[in-house]
Amino acid sequence: MKVLVIGASRGIGLEFVRQYRAEQRAVTATARDTAGLARLRDLGAATISLDVADAASCAGLAWPIDGAAFDVAIHCAGLYGPRTQALETPDAADFDAVMHANVLGAMRVMPQLAGALAPGAKLAVISSRMGSIGSRSATSGWLYRASKAALNSVLKDVSLVLAGRAICVAFHPGWVKTDMGGAGATLEVESSVSDLRATIARLGAADNGRFLNHDGSAIEW
């Protein structure tokens, strides 16, 4: 099995690489800095330098993955941004940073991935329950929520284009103990990624275009 992990320098992305490599899977992973790339190479992954917030960097992704035929591709890259509540207007710099990393980055990367997937591949984006509109009951992380709702829309459109060629899903990984999730989170990164990998392995054609919890249960859009 061939795996691609976008945004793997730390946290959930790095743990995906660690667990897949522990099973001797062929993993290609991206990071935007030399330290992140070194961590990935130490795990035995092939590496690609990629900054999803940079248009030229994203455009350069196509050639190193051309014809790779990945069985699993996971887009993990993302940014939380300011921890504000609804009606606290973000400034332009924060808005641009979060939306470029979480939304425009995916819209730049997904077209590059489409031709690099094996028939029947699984393509996942790491979203968040915070992006759900149907189940929302809080407003913390207002900008982050908006970006993840937009990312879900991007994934849904990709699932329509790739229907019959790939199974595309958005995932809530849980509230995970990472640099983003913080020490107060309820789920260890090892457990989250183990669940996500098991769910990815179980995905079938009927799951294309769904929004799922790490354990495979459905989440309202």
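For first residues located in the stretch 57-71 and over 13 Å from Gly105 (Cα atoms), partners that are in a helix (DSSP H, G or I) and lie 6+ apart or on another chain with Cβ distances below 6 Å form the pairs Ala62/Gln112.
Residue count for the stretch 200-221, restricted to those that are of a type in the set (Val, Ile, Thr) and either outside any loop (DSSP other than H, G, I, E, B) or surrounded by fewer than 19 Cβ atoms within 10 Å (Cβ to Cβ) (or both): 1. When the stretch 34-48 is filtered for residues that are under 23 Å from Leu104 (Cα atoms) and either modelled with pLDDT under 95 or touching a strand residue (DSSP E or B) at 6+ places or on another chain (Cβ under 7 Å) (or both), the ones remaining, listed by number, are Leu37, Thr47, Ile48.
Condition check ((1) in a loop (DSSP other than H, G, I, E, B); (2) under 30 Å from Thr89 (Cα atoms); (3) at pLDDT 95 or above) across all residues:
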| position | (1), (2), (3) |
| --- | --- |
| Leu143 | no, yes, yes |
| Ala150 | no, yes, yes |
| Leu155 | no, yes, yes |
| Leu160 | no, no, yes |
| Gly181 | yes, yes, no |
| Gly184 | yes, yes, no |
| Ala198 | no, no, yes |
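Could you tell me whether any residue of the stretch 91-98 is among the aliphatic types (A, V, I, L, M), buried (at least 19 other Cβ atoms within 10 Å of the Cβ) and within 25 Å of Val176 (Cβ to Cβ)? Yes, the stretch 91-98 contains at least one residue that is among the aliphatic types (A, V, I, L, M), buried (at least 19 other Cβ atoms within 10 Å of the Cβ) and within 25 Å of Val176 (Cβ to Cβ). If we keep just the residues of the stretch 162-179 that are charged (D, E, K, R) and modelled with pLDDT under 95, which is surrounded by the most Cβ atoms within 10 Å (Cβ to Cβ)? My answer is Lys177.
Please verify whether the stretch 67-74 includes one or more residues that are over 15 Å from the mean Cα position of the chain (by Cα), under 21 Å from Phe95 (Cβ atoms) and surrounded by fewer than 18 Cβ atoms within 10 Å (Cβ to Cβ). No: zero hits.
Output yes when any residue across the stretch 135-143 is in contact (Cβ under 8 Å) with a residue 60 or more places away in the chain, surrounded by fewer than 20 Cβ atoms within 10 Å (Cβ to Cβ) and out of contact with any strand residue (DSSP E or B) (no Cβ under 8 Å at 6 or more places or on another chain), and no when none is. Yes, the stretch 135-143 contains a residue that is in contact (Cβ under 8 Å) with a residue 60 or more places away in the chain, surrounded by fewer than 20 Cβ atoms within 10 Å (Cβ to Cβ) and out of contact with any strand residue (DSSP E or B) (no Cβ under 8 Å at 6 or more places or on another chain). Restricting Ala118, Ala124 to residues that are outside any helix (DSSP H, G or I) and within 13 Å of the chain's Cα centre (by Cα) narrows the list to Ala124. If you take the residues of the stretch 7-44 that are in a helix (DSSP H, G or I) and among the acidic types (Asp, Glu), which of them is nearest to Val193 (Cα to Cα)? Only one residue fits best here, namely Glu15.
The values are calculated or read from the model by the stated rules, or taken from the named source; none is laboratory data. Owing to the predicted nature of the structure, the values given are computational and were not obtained by experimental measurement. Neighbour counts are summed over all protein chains in view; Cβ atoms, including those assigned to glycine, are modelled from backbone coordinates with ideal geometry.
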